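Report on the structure given below.
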Amino acid sequence: MRMKLNLKRPLAFFDLETTGTSVGSDRVIEIAIIKLLPDGSEQSQRWLVSPERPIPLETSLIHGIYDDDVKDAPVFKTIAQEVADFIADSDLAGYNSNKFDIPMLMEEFLRAGIEFSLDGRHFVDVQNIFHQMEQRTLKAAYRFYCDKDIINAHSAEADTRATMEVLLAQIERYADTEWEDKKGNKSIPVVNDVAALHEFTNLHRAVDFVGRMVYNEDGHEVFNFGKHKGKRVEEVYEAEPSYFSWIMQGDFPLYTKRKAEEIHKRWLQNRPKPVKADNKAEQQPKQQQDNNRLKKDFQKPHFKPHNQQHHNNSNNNYNKPFKKKEEPAEPVNEDMLQMLANKFKKA
């Protein structure tokens, strides 16, 4: 029989599924609320919500909600008052709700113009109870798995030996323990094999350890933060080349910058090379290029061969261009070319 909570007013347990983890820029796509009343009875509600933007595939693979599932769903503003009314008299409870679900819900209320006050409410975050009562320190793990205390705790040698003993105890303890991932896949992950332990302890598949970039399901690097979250790194480099410079000049760990640079170099090497126009002039023999240049010089209107002088009858001005209106210009022949070559030949 389930224990009855001692309630003075309703306690609304709720959970949000969203397009991502950024409170400021992501959107709610599902809301589920179970309101536990003081008399022990329950009321529940669930809403699917259109985020008015595509849901990143990486996110859909986690919670199982895709664009087609919410294409006909109402936007949050349409249901905002209904949600607010349902929990108006309630305290709030959730898992990691203080850091994520409550701030995300308040952000949506504010965007929708709904007044929802948190003043005077109580907030119960079940994750905080779990983490504080079952501490995740090495000391707690050593006591839990090995049933003894670390002597000289926080000395490097003692902590290192304790860590080794904890791993051995974990392998023995979970030898036949089944585990289920977020997609419902079941396995026995804690086995006496380093490669298998590597896979299990790197579930987020970070590219740079701190997780600014992670691998998606297809093994491609994607950004895990900011405005390009969920997008392939190479696609962002193609669409916004300056983003790479921003990363390299920004306040990021050096290893993050190194991995960003490696991907950038690979992208530069693999992207299609621009096709160069044929340069016919460069393909011509040097003598032919010289002849063509001399032909152009000879045909310029201001050119005067060295053995000709052209006089103006009125002012004897030698600087005026030579013109011969009555007759067409003589075709350029080899004698003329030789004459020009001799004229410009270096001594």
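Here, each number is a calculation from the coordinates, and none is a lab measurement. Remember, predicted model here, so these are calculated numbers, not experimental data. We place every Cβ from the backbone using ideal geometry, glycine too, and count neighbours over all the protein chains shown.
Along the charge dipole of the stretch 129-282, which of Gln135, Ala175, His264 sits closest to the positive end, that is, farthest toward it, with unit charges on the beta carbon of Lys, Arg, Asp and Glu (+1, +1, -1, -1)?
Value: His264.
Rounded, prolate or oblate, given the Cα gyration tensor of the stretch 127-258, with a/c below 1.5 counting as rounded? Before the final figure, lay out the partial values.
Working: a/c = 2.60, a/b = 1.78, b/c = 1.46.
Prolate shape, in that a/c is at least 1.5 and a/b is the bigger ratio.
As an exercise, use a Förster radius of 41 Å and the Cβ-Cβ distance of Ser22 and Lys186 to find the FRET efficiency, rounded to the nearest 0.05. Write out the running numbers ahead of the final one.
On the way: r = 31 Å, r/R0 = 0.76.
Using R0 = 41 Å, I get an efficiency of 0.85.
For Glu52 and Glu115, what does the FRET efficiency come to when R0 = 25 Å and r is the distance between their Cβ atoms, rounded to the nearest 0.05?
On the way: r = 22 Å, r/R0 = 0.89.
So the FRET efficiency works out to roughly 0.65.
Suppose each label sits 7 Å from its Cα in the direction of the beta carbon; what would the Gln135-Ala175 distance come out to in nanometres?
Using points 7 Å along Cα→Cβ, the separation is 3.1 nm.
Taking R0 as 45 Å, what's the FRET efficiency between Arg271 and Leu168 from their Cβ-Cβ distance, rounded to 0.05?
Working from the Cβ atoms, E equals 0.40.
Subtract the Cα-Cα distance of Lys227 and Ala158 from 0.36 nm times their separation in residues, and report this length gain in nm to one decimal.
Details: separation 69, 0.36 × 69 = 24.84 nm, distance 4.35 nm.
Gain in length upon complete extension: 20.5 nm.
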